[in-house]
Amino acid sequence: MKNIEVKEIQGLYGAFSLSERVIQKIWLRQDFDTSELRTESGQLLTVLDPGRWNHLEGPDFLEARLCFDGQERVGDVEVHFNADDWIKHAHGENPNFNQVCLHVVLYPEKGGRTEIQTQTGNQPELFYLLPKLGRDLEDFAVEDALLELEQIENTSWGREFMLRSLDERKALLEAKACLRWEKKVEFAR
């Protein structure tokens, strides 16, 4: 399992935590203005498929379908808070990152551009996400926190369910299925 980085960010009402996973979700859902995307080098970027979210070692998204200036390319996408995180995490020395063609970074760099490359010498295109967000980062963080709480509440039901005897679980599932089926039949009439 990957180690997910978390940053404390100053919000309107004080500091809040934002995990890199939230940025990954934004990328996966394409929850930003996708019109007229440009990489840092000026290439027109079109996202045909954001890729398959990789929860294991290696790039964050595998086999993304992207167009750079109209040329379709299938490759991996790595997501970070800052461009120099690529170097801090030693991705340039890791062969798992050789297929990365796009480095999605939340914060635009202050000063000069951080030059990154894969172990094979390829230089992934760089895309800054923050300028394209239509919502505040705090909104994304709150949404993620609420989803986490919802999942925690759902697991308590599961634990209670598993503590019941097998016969009780079967009866409960059958009753819920019948109730649901009856509602569907009523709607069909």
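Could you check the range 85-101 and list, in sequence order, the residues that are touching a Pro at 6+ places or on another chain (Cβ under 9 Å) and part of a loop (DSSP other than H, G, I, E, B)?
Result: 99, single match.
Mind listing whichever residues of the range 128-143 are charged (D, E, K, R), out of contact with any helix residue (DSSP H, G or I) (no Cβ under 9 Å at 6 or more places or on another chain) and surrounded by 13 or more Cβ atoms within 10 Å (Cβ to Cβ)?
Passing the criteria: 132, 138.
Taking residue 85, is it within 20 Å of residue 55 (Cβ to Cβ), open to solvent by less than 30 Å² (accessible area, probe 1.4 Å) and modelled with pLDDT under 75?
no
Yes or no, residue by residue, for (1) under 16 Å from residue 82 (Cβ atoms); (2) of a type in the set (Asp, Glu); (3) outside any helix (DSSP H, G or I); (4) at pLDDT 90 or above:
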{"residue": "115", "(1), (2), (3), (4)": "yes, yes, yes, no"}
{"residue": "118", "(1), (2), (3), (4)": "no, no, yes, yes"}
{"residue": "127", "(1), (2), (3), (4)": "yes, no, yes, yes"}
{"residue": "141", "(1), (2), (3), (4)": "no, no, no, no"}
{"residue": "144", "(1), (2), (3), (4)": "no, yes, no, no"}
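Look at residue 4 and say whether it is modelled with pLDDT of 90 or more and either outside any loop (DSSP other than H, G, I, E, B) or open to solvent by 20 Å² or more (accessible area, probe 1.4 Å) (or both).
Judged against the criteria, residue 4 is not a match.
Only one residue in 122, 94 is open to solvent by 30 Å² or more (accessible area, probe 1.4 Å), out of contact with any helix residue (DSSP H, G or I) (no Cβ under 8 Å at 6 or more places or on another chain) and closer than 19 Å to residue 56 by Cα, so which one is that?
So the residue among 122, 94 that is open to solvent by 30 Å² or more (accessible area, probe 1.4 Å), out of contact with any helix residue (DSSP H, G or I) (no Cβ under 8 Å at 6 or more places or on another chain) and closer than 19 Å to residue 56 by Cα is 94.
Out of the residues in the range 43-66 that are in a loop (DSSP other than H, G, I, E, B) and open to solvent by 40 Å² or more (accessible area, probe 1.4 Å), which is nearest to residue 109 (Cα to Cα)?
43
When you look at residue 75, is it touching a Cys at 6+ places or on another chain (Cβ under 6 Å), surrounded by 15 or more Cβ atoms within 10 Å (Cβ to Cβ) and not β-branched (Val, Ile, Thr), yes or no?
yes
Considering 77, 104, which residue is within 19 Å of residue 18 (Cα to Cα), part of a strand (DSSP E or B) and either in contact with a strand residue (DSSP E or B) (Cβ under 9 Å, 6 or more places away or on another chain) or of a type outside the set (Val, Ile, Thr) (or both)?
Numbers: 77 fails: within 19 Å of residue 18 (Cα to Cα).
Answer to the check: 104.
For the range 146-176, enumerate the residues that are modelled with pLDDT of 75 or more and either under 16 Å from the mean Cα position of the chain (by Cα) or open to solvent by less than 80 Å² (accessible area, probe 1.4 Å) (or both).
Scanning the range 146-176 gives 165, 169, 171, 172, 175.
Just to check your reading of the model, which residue among 130, 137, 45 is of a type in the set (A, V, I, L, M) and farther than 24 Å from residue 19 by Cα?
So the residue among 130, 137, 45 that is of a type in the set (A, V, I, L, M) and farther than 24 Å from residue 19 by Cα is 45.
The values are calculated or read from the model by the stated rules, or taken from the named source; none is laboratory data. In this text, all values refer to a predicted model and were calculated from it rather than measured experimentally. Note: ideal-geometry Cβ built from the backbone for every residue, glycine included; neighbour counts use all protein chains shown. With ligands, DNA and RNA removed, areas are computed over all heavy atoms of the protein, side chains included. Shrake-Rupley method; radii C 1.70, N 1.55, O 1.52, S 1.80 Å.
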